[in-house]
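Here the structure is laid out as structure tokens; the discussion comes afterwards.
The values are calculated or read from the model by the stated rules, or taken from the named source; none is laboratory data. Since the model is a prediction, treat every value here as computed from it, not as a measurement. Glycine also receives a Cβ, built like all others from the backbone with ideal geometry; neighbour counts cover every protein chain displayed.
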Amino acid sequence: MSMALVVSTLFLIGYVTHKVMRGDIITQTAFPNLPGWIRWMYRIILFPHLILAMGMVPMIIIVFLRAYRRDWPRHRRLAVWTLPIWIYVSVTGVIIYWMLYHLFPIMGRS
């Protein structure tokens, strides 16, 4: 779990740095001439991913600190929620990346 935390932290730092350096941290990805169902499918996956990803940061920190302090009862109480959400965010992140840059590569170019 410590390595998962390290890898996720490095990914987050790299991702945010990339978005800030490109200047598109707030801009929305364009959807030129794509059918509406594709746009909706993308958004149905994207919005829960974003909300849960933002909520994951404090959850992961708290769970990690509780484990570090060996406060196992409180650690378990939050970890049973944190792990499935973390897995969901990880999987949907890969799906979003695949949709943008491989399934419909034009979508990723804004």
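Restricting the range 77-91 to residues that are within 17 Å of Leu65 (Cβ to Cβ), surrounded by 14 or more Cβ atoms within 10 Å (Cβ to Cβ) and more than 9 Å from the chain's Cα centre (by Cα) leaves a set whose member that is modelled with the lowest pLDDT is Leu83. When the range 7-24 is filtered for residues that are more than 14 Å from Trp86 (Cα to Cα) and either touching a residue at least 12 places away in the same chain (Cβ under 8 Å) or among the hydrophobic types (A, V, I, L, M, F, W, C) (or both), the ones remaining, listed by number, are Leu10, Ile13, Val16, Val20, Met21, Asp24. One residue stands out in the range 57-73 among those that are surrounded by fewer than 14 Cβ atoms within 10 Å (Cβ to Cβ) and assigned to a helix (DSSP H, G or I): the one that is nearest to the chain's Cα centre (by Cα), namely Val57.
Here is a check on your reading of the model: is Arg66 at pLDDT 95 or above, within 16 Å of Leu5 (Cα to Cα) and among the basic types (Lys, Arg)? Taking the combined requirement at face value, the residue satisfies it.
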